[in-house]
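The values are calculated or read from the model by the stated rules, or taken from the named source; none is laboratory data. Treat the numbers as computed from the prediction; the structure is a model and nothing was measured. Cβ sites come from the backbone with ideal geometry, for glycine too, and all protein chains shown count toward neighbours.
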């Protein structure tokens with residue numbers, strides 16, 4: 001296994017994290033894959049009344065853990081009392097044995113804490129297709145829960161190829177009553193690779209039911225986790241869950257568009273975007289954080305598709321790794337989608353430097369200036385695809401985030417399991 | 001620019017090439033991009049009566065050269081008398097100046113040889129978005145045509161990042177009369193990158209009209225050029241053209257399904273597959289030639305989509321570069337498509353070694369044996385996605401070709417223009 005250095009794009013320090021009333025964190029080491037010195041199992045206990053919502057991978061070969069979560073959530077109508085997350089083996093590709101293991105784990109936790117098995121959510125990330133070390137996890141489950149851990153340690157326990165733990169936290173309010181929202185995540189691909197499954201768990205003391213949470217989470221996803229990519233591969237375990245412990249005593253709110261939810265909605269979107277961007281900043285081998293802005297598309301959906309085509313292009317990503325102002329590759333990537341673009345009105349800037357104006361090299365193009373800009377760690381590519389009506393500043397627009405494609409990605413992924 | 005070594009997957013020697021009656025090849029050096037020592041412009045002269053057919057990139061931002069070819073072909077109803085291919089600048093991303101340049105070039109060739117401009121086909125491959133060096137090409141056009149060159153030199157003149165020239169040739173027959181079929185191609189991505197546009201030109205002395213050629217070419221594409229990928233990026237210049245000089249005196253054939261065309265059809269398919277596979281063998285940075293075979297899909301189209309998802313997955317390709325038997329990534333790649341698979345009946349073999357049986361690690365799995373197999377240069381991944389009816393050997397099936405993703409790809413593409 002490659003020893004990985006902390007990403008150069010990592011935040012300078014851990015954020016200030018606000019604890020969430022009704023949430024207790026425990027961690028332990030089951031030796032699932034990693035050498036001693038780090039935890040690899042996280043157990044989160046949640047107070048009664050906790051409601052949850054979730055978005056999972058669209059993979060057809062999803063892990064049995066995902067199947068367990070979906071089914072359990074449906075049986076409890078969105079109720080949840082505990083979450084187990086394991087790092088090192090995804091349980092995917094283990095067939096019915098994997099499904100049995102999920103049930104065993106849920107039974108064990110349920111028994112210890114006097115809960116129902118379907119109140120236990122189970123997540124796993126790691127290699128696909130290797131036998132799941134159920135007995136190792138079962139052996140340490142009873143030892144968990146003796147002493148709570150802090151958020152940073154919890155965030156570390158769910159990491160795999162991540163080079164830094166990912167946390168975000170906000171104090172907000174609903175109808176004037178303080179509400180806390182804290183999340184942890186791990187990458188380090190998009191909705192991505194094998195051992196780089198994307199997992200994210202958000203916790204709040206807000207008093208919101210499962211259906212309402214689902215609407216809010218789904219909306220927040222569209223501007224965050226659905227706007228990132230590292231390599232375009234889709235994990236069998238991708239999971240974003242939000243748990244609301246109902247410990248805040250704000251007035252009841254039942255409509256997702258209720259203006260009393262404005263602050264909370266905004267905090268949820270901010271925290272999702274923050275964690276999503278942290279995942280990109282820890283993309284395997286990443287040396288640059290790249291924002292792709294598209295406008296002038298027929299609609300937002302088209303703009304998103306075009307932006308993702310650029311963000312996923314290996315040729316765009318290798319050019320940026322090489323700090324090469326090869327904007328022709330952006331043209332190529334836009335052209336390969338089915339979303340309409342007008343090649344004769346296409347404009348592209350790298351940062352504030354125009355490189356392409358109305359489909360040809362900009363007159364103001366200065367390779368030296370652009371080359372200097374590309375040496376930076378934060379790159380913005382601005383694209384107008386020319387389908388907007390004249391005078392309309394932004395018809396269809398979108399913003400997505402990715403990283404460059406470097407030797408580091410090959411190093412990590414060519415020898416991942418060894 | 002990176003100095004590239006000949007691909008380890010290159011054929012041991014150039015194939016035996018049969019000249020095609022009615023085709024004359026000329027090459028010259030216009031200093032479009034490359035240092036002296038190699039030609040970068042190819043001129044092919046074609047006898048009267050020559051008919052052509054073509055398949056072009058689906059890119060929305062296609063090169064003006066592609067637009068010129070489409071329009072010219074339409075004006076002549078499939079007639080063509082010359083082909084100009086330039087290596088070093090794709091003319092894409094040059095706006096109306098690029099279109100004007102194509103017209104200038106066609107006019108110059110037409111004038112010299114007493115032809116109509118629309119009888120001249122024009123192709124270009126190279127950087128996108130840099131001003132096209134029209135004057136350099138115009139200056140050498142009159143000097144071309146003095147002395148014909150051989151096929152190998154012609155194939156070399158259209159290369160860019162290619163590490164070997166690509167040729168294939170067959171003697172076949174139509175209705176008992178000998179017919180020759182010879183082609184050249186350049187890669188070295190799929191329907192791919194920037195400077196690695198895929199171009200292929202096939203020449204035959206057969207007496208077939210444009211409409212019939214189009215049907216035969218389109219069919220041959222489905223089992224060859226549409227089944228290869230290097231990195232999933234789509235070039236703005238991809239071109240496959242076939243020219244028939246009508247110099248053979250076989251009887252007239254007008255139906256694509258006429259049994260008298262069986263041998264020719266088969267030779268065309270063989271030559272297309274040969275050249276397509278040569279392109280993959282010269283994929284940027286390739287160290288392994290990988291065949292993905294899918295069966296047990298609902299239909300051939302689904303099988304093709306599933307096979308391409310595996311062939312395009314950066315995680316599968318890096319694992320193979322690392323000779324890592326990480327079959328879980330194949331499961332992941334299959335899962336990310338919308339083409340139905342049955343995870344519980346999924347079977348995967350690397351070569352003849354089963355690794356996954358009915359969705360879980362095969363009992364016969366022997367990591368050491370598989371690891372030894374993966375050290376080879378030719379890897380076959382066999383997948384049954386489990387949607388076929390029991391007892392049906394092959395419902396939907398497909399075979400596609402790709403290469404691994406190595407440090408070489410990053411080296412080449414991170415500094416391509418420099």
(message) surrounded by fewer than 24 Cβ atoms within 10 Å (Cβ to Cβ), on the phi > 0 side of the Ramachandran plot, modelled with pLDDT of 95 or more and not assigned by TED's automatic domain parsing to the domain that holds residue B:220: which single residue out of B:359, B:351 fits that description?
(response) B:351
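Tell me, please, whether a residue that is without any contact (Cβ under 8 Å) to a residue 60 or more places away in the chain, assigned by TED's automatic domain parsing to the domain that holds residue A:409 and out of contact with any strand residue (DSSP E or B) (no Cβ under 6 Å at 6 or more places or on another chain) can be found in the stretch A:375-388. Steps first, answer last, please.
Here is the first cut: in the stretch A:375-388, the ones without any contact (Cβ under 8 Å) to a residue 60 or more places away in the chain are A:375.
Adding the requirement that they be assigned by TED's automatic domain parsing to the domain that holds residue A:409 leaves A:375.
Imposing the further condition that a residue be out of contact with any strand residue (DSSP E or B) (no Cβ under 6 Å at 6 or more places or on another chain) reduces the set to A:375.
Yes, the stretch A:375-388 contains a residue that is without any contact (Cβ under 8 Å) to a residue 60 or more places away in the chain, assigned by TED's automatic domain parsing to the domain that holds residue A:409 and out of contact with any strand residue (DSSP E or B) (no Cβ under 6 Å at 6 or more places or on another chain).
For (1) within 14 Å of chain B (Cβ to nearest Cβ); (2) within 20 Å of residue A:202 (Cβ to Cβ), each residue gets a yes or a no:
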site	(1), (2)
A:17	no, yes
A:45	no, yes
A:54	no, yes
A:88	yes, no
A:113	no, no
(request) Within the stretch B:56-74, track down each residue that is facing chain A (nearest Cβ under 8 Å) and more than 21 Å from residue B:221 (Cα to Cα). (result) B:61
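Return yes or no: is residue A:240 touching a residue at least 12 places away in the same chain (Cβ under 8 Å), assigned by TED's automatic domain parsing to the domain that holds residue A:48 and crowded, with 23+ Cβ neighbours inside 10 Å?
Yes; evaluated as a whole, the condition is true for this residue.
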(message) So for the stretch B:144-160 (the condition being modelled with pLDDT of 95 or more, surrounded by fewer than 24 Cβ atoms within 10 Å (Cβ to Cβ) and closer than 20 Å to residue A:361 by Cα), does at least one residue qualify?
(response) no
(request) Please enumerate the residues belonging to the stretch B:116-149 that are away from every other protein chain (no Cβ under 14 Å), touching a helix residue (DSSP H, G or I) at 6+ places or on another chain (Cβ under 6 Å) and touching a residue at least 60 places away in the same chain (Cβ under 8 Å). (result) B:121, B:123, B:141
(message) Take residue B:100 and tell me if it is within 14 Å of chain A (Cβ to nearest Cβ), surrounded by fewer than 24 Cβ atoms within 10 Å (Cβ to Cβ) and over 18 Å from residue B:204 (Cα atoms).
(response) yes
(request) Output yes when any residue across the stretch A:218-228 is more than 29 Å from residue A:395 (Cβ to Cβ), within 14 Å of the chain's Cα centre (by Cα), buried (at least 21 other Cβ atoms within 10 Å of the Cβ) and touching a residue at least 12 places away in the same chain (Cβ under 8 Å), and no when none is. (result) no
(request) Could you please find all residues in the stretch B:30-46 being farther than 12 Å from residue B:140 by Cβ and in contact with a strand residue (DSSP E or B) (Cβ under 8 Å, 6 or more places away or on another chain)? (result) B:33, B:34, B:44, B:45, B:46
(message) Can you say whether residue A:330 is outside the structural domain of residue A:198 (by TED's automatic domain parsing) and either at pLDDT 95 or above or over 26 Å from residue B:131 (Cα atoms) (or both), as far as the supplied structure shows?
(response) no
(request) Please work out if residue B:365 is more than 7 Å from chain A (Cβ to nearest Cβ) and either closer than 19 Å to residue B:318 by Cβ or in contact with a helix residue (DSSP H, G or I) (Cβ under 7 Å, 6 or more places away or on another chain) (or both). (result) no
(request) Just need a number here: residues in the stretch A:147-174 that are under 21 Å from residue A:21 (Cβ atoms) and in a loop (DSSP other than H, G, I, E, B). (result) 4
(message) Being surrounded by 15 or more Cβ atoms within 10 Å (Cβ to Cβ) and modelled with pLDDT of 95 or more is true for just one of A:10, A:27, A:62. Which residue is that?
(response) A:27
(message) With the requirement that a residue be under 16 Å from residue A:334 (Cα atoms) and not in a strand (DSSP E or B), what does the stretch A:369-387 give you?
(response) A:385, A:386, A:387
(request) Go through the stretch B:388-416 and give me each residue that's crowded, with 23+ Cβ neighbours inside 10 Å, assigned to a loop (DSSP other than H, G, I, E, B) and either more than 13 Å from chain A (Cβ to nearest Cβ) or modelled with pLDDT of 85 or more (or both). (result) B:404
(message) If a residue counts only when it is more than 8 Å from chain A (Cβ to nearest Cβ), which helices (runs of 4 or more DSSP H) contained entirely in the stretch B:247-354 have at least 2 such residues?
(response) B:262-281, B:300-312, B:314-321
(request) Would you check which residues across the stretch A:299-317 are within 14 Å of residue A:404 (Cβ to Cβ) and under 23 Å from the mean Cα position of the chain (by Cα) and list them? (result) A:310, A:311, A:312, A:313, A:314, A:316, A:317
(message) For the stretch B:299-307, check the following and say yes or no: at least one residue is touching a helix residue (DSSP H, G or I) at 6+ places or on another chain (Cβ under 9 Å) and modelled with pLDDT under 90.
(response) no
(request) Can you give me the number of residues within the stretch A:83-95 that are in contact with a helix residue (DSSP H, G or I) (Cβ under 8 Å, 6 or more places away or on another chain) and surrounded by fewer than 24 Cβ atoms within 10 Å (Cβ to Cβ)? (result) 2
